[in-house]
1. Collect the residues in region 29-69 that are surrounded by 11 or more Cβ atoms within 10 Å (Cβ to Cβ) and not in a helix (DSSP H, G or I), keeping them in residue-number order.
2. Yes or no: region 114-132 includes at least one residue that is within 23 Å of residue 72 (Cβ to Cβ), surrounded by 13 or more Cβ atoms within 10 Å (Cβ to Cβ) and out of contact with any strand residue (DSSP E or B) (no Cβ under 8 Å at 6 or more places or on another chain).
3. Considering only residues that are part of a loop (DSSP other than H, G, I, E, B) and either in contact (Cβ under 8 Å) with a residue 60 or more places away in the chain or under 18 Å from residue 154 (Cβ atoms) (or both), which ones fall in region 2-26?
4. Quick check on my filter: what residues within region 6-15 are at pLDDT 90 or above and crowded, with 17+ Cβ neighbours inside 10 Å?
5. If you check residue 147 against the conditions, is it in a helix (DSSP H, G or I), modelled with pLDDT under 90 and closer than 30 Å to residue 26 by Cβ?
6. Give just the number: which of (1) touching a helix residue (DSSP H, G or I) at 6+ places or on another chain (Cβ under 7 Å); (2) without any contact (Cβ under 8 Å) to a residue 12 or more places away in the chain does residue 66 not satisfy?
7. If you scan region 149-185, which residues turn out to be surrounded by 14 or more Cβ atoms within 10 Å (Cβ to Cβ) and under 30 Å from residue 93 (Cα atoms)?
8. Give just the number: which of (1) within 28 Å of residue 150 (Cα to Cα); (2) over 25 Å from the mean Cα position of the chain (by Cα); (3) modelled with pLDDT of 90 or more does residue 33 not satisfy?
């Protein structure tokens, strides 16, 4: 329903996930107020109301769906990075599965994530004997270290060219749409 009400505004002025809306602006406060007013008018016309205590206005940084959003870009939420970095070494397959899924939520922030995690995902196969080796330990620590650097994904600048970077190995396959915005690849 929310996507229908805000059709034409999503990905230009706002993001919608279920009943959550993030209104964002590339510009000053005046423009933000106009775009916010447009979103609020659409909601009102559809007979929808907001709970004021759940609203946050004019935030420079906010957390949304486990990510920290700012004008600089998107990074993993600090509390979830802490959860990954403090995750104990697995002693049972179910614990490996929990870690793989938790870390996998942030795969877009870690280059060659699939290849790095291969020793751990191999432990999830039913037909393999479960054994935590140096390979699993290395993967476990490497993913935790990569996330604790708080990597930042910057927003695309559609006036600049993009580069499609691909990579493949015996254990992984990946692709990334990259852009040099003056900070290097």
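1. Selection gives 46, 48, 50, 59, 62, 63, 64, 65, 66, 67, 68, 69.
2. No, because not a single residue in region 114-132 is within 23 Å of residue 72 (Cβ to Cβ), surrounded by 13 or more Cβ atoms within 10 Å (Cβ to Cβ) and out of contact with any strand residue (DSSP E or B) (no Cβ under 8 Å at 6 or more places or on another chain).
3. 11, 24, 25, 26, listed by residue number.
4. Those that are at pLDDT 90 or above and crowded, with 17+ Cβ neighbours inside 10 Å: 6, 9.
5. So residue 147 passes the test.
6. Among (1) touching a helix residue (DSSP H, G or I) at 6+ places or on another chain (Cβ under 7 Å); (2) without any contact (Cβ under 8 Å) to a residue 12 or more places away in the chain, the lone unmet condition for residue 66 is (2).
7. Selection gives 151, 171, 172, 174.
8. Failing condition for residue 33: (1).
The values are calculated or read from the model by the stated rules, or taken from the named source; none is laboratory data. All values reported here derive from a predicted model rather than from experimental measurement. Note: ideal-geometry Cβ built from the backbone for every residue, glycine included; neighbour counts use all protein chains shown.
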